[in-house]
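Student: Encoded as structure tokens, here's the structure I'll be asking about.
The values are calculated or read from the model by the stated rules, or taken from the named source; none is laboratory data. Since we're looking at a predicted model, the values are computed, not measured. FYI the Cβ positions are ideal-geometry reconstructions off the backbone, even for glycines, and counts take in every protein chain you see.
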């Protein structure tokens, strides 16, 4: 399951989309499928992974990228919002990783798992008041190390990816609440700009492929030099 590398399916796909999908499927000799699941529900996640692996009698890799943010100071942060962020950003990633590994063990298959963390798991991230989000991403980084230790001898590699500031709908919400954030982030980036999602495809493919066969328990920090000052 490599959901973060795939285009988001439109609610009403135009006819030409089916043609492009068929062409890509024929070219890659692979089938592209979408599943909508609640990553907080471990039973549902395990059932979907079992279904996917059962179709092909194997599961080679996973990119666990589900995540949300809630901009609020620590003293004003509600328990409800905190629980929601942690349940999706941490529990959801944990559920996905363990479900994937369970199928790899089941089919005696080596594999690679990439957990999407964030630069915010390593720094306080000036311009974005979000202590719970930052903490959840720090937990994902440590989760990758811990799972790598548990599963490495079985041929399952686990790494984390820490992107810097990316222009996404979630980041646009930050700009709406704090319009000065964009200028701050661009000024403190060595490239003088923010990233776009497609700039992380290479890193994700590297982590899932044999090119990274000796890498596990590692954190890839791709932030345009933001944390290197």
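Student: Determine whether region 153-167 contains at least one residue that is part of a helix (DSSP H, G or I) and either free of Cβ contacts under 8 Å to residues at least 12 places away in the same chain or surrounded by 15 or more Cβ atoms within 10 Å (Cβ to Cβ) (or both).
Tutor: Yes, the conditions are met somewhere in region 153-167.
Student: Would a scan of region 65-76 turn up a residue that is outside any loop (DSSP other than H, G, I, E, B) and crowded, with 18+ Cβ neighbours inside 10 Å? Outline the logic, then answer.
Tutor: Going residue by residue through region 65-76, those that are outside any loop (DSSP other than H, G, I, E, B) are 74-76.
Then drop every residue that is not crowded, with 18+ Cβ neighbours inside 10 Å, which leaves none.
Scanning region 65-76 turns up no residue that is outside any loop (DSSP other than H, G, I, E, B) and crowded, with 18+ Cβ neighbours inside 10 Å.
Student: Further question on the same structure: Looking at region 136-152, which of its residues are closer than 11 Å to residue 218 by Cβ and surrounded by 23 or more Cβ atoms within 10 Å (Cβ to Cβ)? Give the steps one after another, and end with the answer.
Tutor: Step one: filter region 136-152 for residues closer than 11 Å to residue 218 by Cβ, giving 141, 144-145, 148.
144 - this is the single residue of region 136-152 that is closer than 11 Å to residue 218 by Cβ and surrounded by 23 or more Cβ atoms within 10 Å (Cβ to Cβ).
Student: Now a separate question. So residue 113 clears everything in (1) in contact with a strand residue (DSSP E or B) (Cβ under 7 Å, 6 or more places away or on another chain); (2) at pLDDT below 95 except one condition, right? Which one?
Tutor: Single failed check for residue 113: (2).
Student: Sticking with this one: Kindly evaluate residue 92 against the criterion of being part of a loop (DSSP other than H, G, I, E, B) and either in contact (Cβ under 8 Å) with a residue 12 or more places away in the chain or touching a helix residue (DSSP H, G or I) at 6+ places or on another chain (Cβ under 6 Å) (or both).
Tutor: no
Student: To continue, here is another question. Being without any contact (Cβ under 8 Å) to a residue 60 or more places away in the chain and in a loop (DSSP other than H, G, I, E, B) is the filter; apply it to region 99-127 and report the residue that is surrounded by the most Cβ atoms within 10 Å (Cβ to Cβ).
Tutor: Only one residue tops the list, namely 118.
Student: Restricting the search to region 182-229, which residues are in contact with a strand residue (DSSP E or B) (Cβ under 7 Å, 6 or more places away or on another chain), assigned to a helix (DSSP H, G or I) and loosely packed, with under 14 Cβ neighbours inside 10 Å?
Tutor: Of everything in region 182-229, just one residue is in contact with a strand residue (DSSP E or B) (Cβ under 7 Å, 6 or more places away or on another chain), assigned to a helix (DSSP H, G or I) and loosely packed, with under 14 Cβ neighbours inside 10 Å, namely 197.
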